[in-house]
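*Asks:* Quick one: structure below, then a few questions.
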Amino acid sequence: MSENVLIIGAGQAGAQTAIFLRQNQFAGPITMIGDEAYVPYERPPLSKGFLAGEVELERMAMRPAAFYADKNIDLRLKTTVSHIDRVQKTVGLSTGEVLRYGKLVLATGGRVRRMICPGADLPGVHYLRNAEDVLGFRNRLTPGVKLVIVGGGYIGLEVAAVAVKRGCKVTILEMMPLVLNRVVAPEMSRFYTDVHRAEGVDIRTSETVTGFEGAGTLARVRCGDGSAIDADLAVIGIGIVPNVELAVEAGLPVDNGIVVDECARTIDPDIFAAGDCTNHPSRVVGERLRLESVPNALGQGKAAALAITGAPAAYDEVPWFWSDQYDLKLQMAGLSKPGDQVVIRGSREGRKFSACYLRDGVFVACHAVNMAKDFLQSKKLISHRIRPDPSLLADPATPLQAFIPPAG
């Protein structure tokens with residue numbers, strides 16, 4: 001097959017698609033369009049090691065720059081796409097060029113959800129989505145700096161963990177009653193709240209932000225109750241918006257993400273999509289999903305590459321995620337929902353435990369803190385829809401794999 005492939009997006013999904021195409025002996029031309037100035041890099045360190053200054057960008061690269069030249073992948077950086085013409089099978093670039101494609105992959109990712117309130121554009125107010133975002137404030141995380149983080153999700157908590165270790169005075173403002181409110185059990189939320197407070201982080205829940213104030217630069221954050229918090233720096237982490245505008249303008253179905261099938265195919269046989277921007281079916285979960293995760297981006301990138309090369313294979317992995325904060329590694333498999341039965345295994349006091357989630361008796365998710373075996377074994381329970389005995393499940397001495405019936 002010599003038909004050319006054009007990939008819009010040079011994040012992990014786009015890069016994985018290109019890499020896997022070459023690994024599967026696709027010999028045709030590949031062009032990848034990316035709006036950043038850097039070769040595709042791994043994103044998780046942005047709010048962890050890269051923010052802390054322990055890992056530099058070169059070490060985060062998915063492949064060195066020479067790889068793309070060696071593999072005949074035309075990597076166009078600092079470039080955006082203005083439109084897609086599905087009839088002519090062309091895309092327009094910000095450079096004024098028009099490129100033809102045989103197959104097109106939309107790996108457009110997502111962008112930060114921005115706050116719309118007075119002072120939101122003041123110098124000192126930052127977001128965290130890419131390397132430039134981090135470089136914009138990383139060096140300001142110095143002892144005594146007053147940092148306010150808006151949003152108590154994973155990004156906010158990871159930034160707090162780095163900043164407080166660097167001597168900053170950190171306040172987290174979360175509008176929900178609990179941090180990580182939408183994604184973990186209350187027991188897990190309270191555990192992480194206690195951990196951060198013990199490290200010196202001021203966590204304020206059920207707190208809204210109405211504006212940012214300062215004469216030329218940020219000086220304080222105004223809250224919904226009328227109070228104000230002094231701030232030298234603010235980082236906003238209130239979610240991601242999928243980049244679907246190109247797909248919408250091209251007439252592709254979009255519903256909280258670009259609608260694809262299990263093989264990353266859109267309704268157009270020549271257009272595929274992968275990563276944070278997509279909405280895909282999940283047999284394991286039993287519904288369509290839009291996942292913001294590295295494993296999903298890599299898995300869908302591979303699925304797109306396989307479909308392009310004529311060997312489609314369904315992407316149907318158990319969703320999984322992770323978060324590093326202090327000495328805690330939180331590993332999550334499956335997707336929990338409010339109302340799930342929660343079974344705790346291990347010791348929260350010993351900082352080594354798991355929260356297992358049952359829905360109508362079926363094991364649907366596991367959130368493991370420093371419990372790697374539980375995390376790994378839980379994937380099988382989720383995919384096999386196991387119904388464990390809750391009393392046995394609560395005993396950490398009983399390995400999760402013991403609940404899986406012998407094959408045959």
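*Asks:* Which strands (runs of 3 or more DSSP E) does segment 341-407 wholly contain that include 2 or more residues that are assigned by TED's automatic domain parsing to the domain that holds Pro186 and at pLDDT 95 or above?
*Replies:* In segment 341-407, there are no strands (runs of 3 or more DSSP E) which contain 2 or more residues that are assigned by TED's automatic domain parsing to the domain that holds Pro186 and at pLDDT 95 or above.
*Asks:* Could you figure out which of (1) over 17 Å from Glu207 (Cβ atoms); (2) surrounded by fewer than 17 Cβ atoms within 10 Å (Cβ to Cβ); (3) not β-branched (Val, Ile, Thr); (4) not assigned by TED's automatic domain parsing to the domain that holds Ala247 isn't true of Gly102?
*Replies:* (4)
*Asks:* Within segment 330-388, restricting attention to residues that are in contact with a Phe, Trp or Tyr (Cβ under 6 Å, 6 or more places away or on another chain) and of a type in the set (S, T, N, Q), which residue is farthest from Asn181 (Cα to Cα)?
*Replies:* Ser347
*Asks:* Residues to consider are Val195, Val248, Val241; find the one that is modelled with pLDDT of 95 or more, under 21 Å from Leu106 (Cβ atoms) and part of a helix (DSSP H, G or I).
*Replies:* It is Val248.
*Asks:* Does segment 302-312 contain any residue that is within 23 Å of Leu180 (Cα to Cα), crowded, with 17+ Cβ neighbours inside 10 Å and in contact (Cβ under 8 Å) with a residue 12 or more places away in the chain?
*Replies:* no
*Asks:* Kindly indicate whether Gly200 is of a type in the set (Gly, Ala, Ser), modelled with pLDDT of 95 or more and part of a loop (DSSP other than H, G, I, E, B).
*Replies:* Considered against the rule, which asks whether it is of a type in the set (Gly, Ala, Ser), modelled with pLDDT of 95 or more and part of a loop (DSSP other than H, G, I, E, B), Gly200 comes out as yes.
*Asks:* Same structure again: Output yes when any residue across segment 317-333 is in a loop (DSSP other than H, G, I, E, B), over 27 Å from Gly49 (Cβ atoms) and not assigned by TED's automatic domain parsing to the domain that holds Arg288, and no when none is.
*Replies:* Looking through segment 317-333, none of the residues is in a loop (DSSP other than H, G, I, E, B), over 27 Å from Gly49 (Cβ atoms) and not assigned by TED's automatic domain parsing to the domain that holds Arg288.
*Asks:* Residue pairs, Cβ under 8 Å, 6 or more apart or interchain, first in segment 106-121 and under 22 Å from Leu218 (Cβ atoms) and in contact (Cβ under 8 Å) with a residue 12 or more places away in the chain, second of a type in the set (D, E, K, R) and in a loop (DSSP other than H, G, I, E, B). List them.
*Replies:* Arg111/Arg129; Val112/Arg129; Ala120/Arg114
*Asks:* A follow-up question, please. If I filter segment 321-331 for residues that are in contact with a strand residue (DSSP E or B) (Cβ under 6 Å, 6 or more places away or on another chain) and over 20 Å from Glu158 (Cβ atoms), do I get at least one hit?
*Replies:* Checked against the condition, which is being in contact with a strand residue (DSSP E or B) (Cβ under 6 Å, 6 or more places away or on another chain) and over 20 Å from Glu158 (Cβ atoms), segment 321-331 yields no hits at all.
*Asks:* Can you tell which of Ile271, Ile240 is under 27 Å from Pro118 (Cα atoms), β-branched (Val, Ile, Thr) and in contact (Cβ under 8 Å) with a residue 60 or more places away in the chain?
*Replies:* Being under 27 Å from Pro118 (Cα atoms), β-branched (Val, Ile, Thr) and in contact (Cβ under 8 Å) with a residue 60 or more places away in the chain holds for just one of Ile271, Ile240, which is Ile240.
*Asks:* Right, something else. Taking segment 171-192, which residues are outside any loop (DSSP other than H, G, I, E, B), over 22 Å from the mean Cα position of the chain (by Cα) and over 19 Å from Leu328 (Cα atoms)?
*Replies:* Thr171
The values are calculated or read from the model by the stated rules, or taken from the named source; none is laboratory data. These numbers come from a predicted model, not from an experiment. FYI the Cβ positions are ideal-geometry reconstructions off the backbone, even for glycines, and counts take in every protein chain you see.
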